[in-house]
Amino acid sequence: MDAALAVQTDRPISVVVIDDSAFMRKSISMMLESDPGIKVVATARDGQDGINKIREFRPDIATLDVEMPVLDGLSALRVIMKEMPLPVIMISSLTSEGAQATLDALNIGAVDFIPKELSYVSVDIKKIRDELVAKVHSIVRSRTRRLRSLAAAPKPAVPRASGVRPGSVWNVPAGAGRRLKAAVLGISTGGPFALLQTIPKLPADFPLGIAIVQHMPPRFTKSLAERLDGLSGLNVREAQDGDVLEPGTVLLAPGGYHMTFRRKGMAVAASITAEPSNTLYRPCADIMISSAVEVFNAPLLGIIMTGMGKDGLEGLRRLKAKGGVVIAQDEESCVVYGMPRAAVDDGIADAILPLDGIPGGMTRLFS
């Protein structure tokens, strides 16, 4: 039985912590076990030791360092994903090299990451601990619910030629795309992989500029934008103050800053600011989407994808009230079904699509 299917409400989530630093193993274990719903069942000092511990203990989730002796984190992750797949959170260095390695790990199959320096240098250790604990709970809970749902769902007797997954929803009025002036997208946990499966699949002549908030720290958003740009027909870049949001362009909000918008002649340009500084996320999807709705003052396309919490919901409500269209990622394809679920439960989603259906859904608006 898959480890996630075995998770029960009456026992803690089991974790294996893999790191070559004894200090980090202890720190991460203490953070996790500060929550009574989490139990570190084993620690490992390198990638090979981690593989062995996962084989032995079959945990619900693991944390994995990138740079380790004997077998590095990426090599270990490939083995884990091939032989005994489970959710893995990477412990990543806050450097450009660390960002690139993290993106490689997310592409291989890791579900999320935490910055290594923040986990023991930051003065706000409680915030880091709370974020790590919340991620573990959300990732395991979402995976368990998804796997149980798949196990209980009846198998379709005949494959669907359209490729549309049963349960997908498309209630977008015909011709709605002609009114849309820009696209805004909010995403968090599981986002880099999802974006890599979405943005490169859009045609180079996609008629809307796209603004994205992905919850990530500085350096990571720049590396993600560069990787997306290299794979895409669209021009993808980490947003800078004054960048114009126009067709053919994808602006990714920089980590640690909000992205809002302002008029620049006849165009709409990005404003990059650290204020407000008291938001739960920076960048924040609600702030970006709400600003776009106000400045464009016209219908927009809103896309909400995998992530914890409900960031983006308030902005999408305003977008919907302005005559916009909302596409939400479906539960089955989300790493964490939080942000899309908030929109679906609120009744504002016009379309609910699997990850591999979102690029087609975006282009379908204009066919």
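A short reminder: the numbers here are calculations on the coordinates, not readings from a lab. This one's a predicted model, so the numbers in the text were calculated from it and none came from an experiment. Heads up, the Cβs are rebuilt from the backbone with ideal geometry, glycines too, and the neighbour counts pull from every protein chain shown.
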- Message: Placing +1 on the Cβ of each Lys and Arg and -1 on the Cβ of each Asp and Glu in the chain, which of THR221, ILE89, GLY175 has its Cα farthest towards the positive end of the resulting dipole?
- Response: GLY175
- Rough spin-label spacing in nm, given labels placed 7 Å along Cα→Cβ, for GLU97 and ARG263: 4.9 nm
- Item | Extension reserve of the GLU56-ASP130 stretch, reckoned as 0.36 nm per residue once the Cα distance is removed | 23.8 nm
- In whole angstrom, note down how far apart the Cα centers of segment 192-268 and segment 274-336 are. 15 Å
- Cut-off under 5 Å, modelled amide H: who pairs with VAL184 long-range: ALA211, LEU301, GLY302, ILE303
- Note on the structure: A chain fully extended from LYS322 to VAL79 at 0.36 nm per residue, minus the present Cα-Cα distance, gains in nm 82.6 nm
- Message: On a straight-distance basis, which aspartates and glutamates could pair with LYS320 in a cross-link, Cα separation under 17 angstrom, same-chain partners fewer than 8 positions away excluded?
- Response: ASP286, GLU294, ASP311, ASP345, ASP346, ASP350
- Note on the structure: Cα-based Rg and Dmax for the chain, in Å, come out at 20.4, 63
- Task: Using per-residue counts of other Cβ atoms within 10 Å, averaged over each peptide, order 243-251, 200-208 from highest down.
- Result: 243-251, 200-208
- Query: aspartates and glutamates within cross-link reach of LYS222: Cα-Cα under 16 Å, excluding same-chain residues under 8 positions apart?
  - Reply: GLU97, ASP104, GLU238, ASP241, ASP243
- Placing each pseudo-label 7 Å from Cα in the direction of the beta carbon, ALA204 and ASP241 end up separated by a distance in nanometres of 3.3 nm
- Where does each of 70-82, 301-313, 317-329, 187-199 land if you order them by average Cβ count within 10 Å, highest first? 301-313, 187-199, 317-329, 70-82
- Item | At R0 = 30 Å, FRET efficiency that the Cβ-Cβ distance of ALA174 and GLU294 yields, to 0.05 | 0.60
- Task: Considering the convex hull of the alpha carbon atoms of segment 169-364, report its projected area averaged over all viewing directions, in nm², one decimal.
- Result: 9.3 nm²
- If you place +1 on the Cβ of every Lys and Arg, -1 on the Cβ of every Asp and Glu, and leave all else neutral, what size is the dipole of the chain about its Cα centre, to the nearest 20 Debye? 980 debye
- Item | 19 Å tail of the calculated P(r), segment 267-367, as % of Cα pairs | 44 percent
- Query: What are the ³J(HN,Hα) values, in whole Hz, obtained from phi via the Karplus relation 6.51 cos²θ - 1.76 cosθ + 1.60 with θ = phi - 60°, for each residue of segment 66-77 in sequence order, with x given for Gly and Pro?
  - Reply: 8, 9, 8, x, 6, 9, 6, x, 5, 5, 5, 4
- Item | Label-reachable residues, segment 76-91, where backbone N falls under 15 Å from a point 7 Å from ASN107's Cα toward its Cβ | 78
- Message: Report the gain in length on full extension from LYS39 to PHE23: 0.36 nm times residue separation, minus Cα-Cα distance, nm rounded to one decimal.
- Response: 4.0 nm
- Looking at this model, which pairs from LYS264/LYS322; LYS53/LYS126; LYS26/LYS116; LYS26/LYS310 are more than 20 angstrom apart at the alpha-carbon? LYS264/LYS322; LYS53/LYS126; LYS26/LYS310
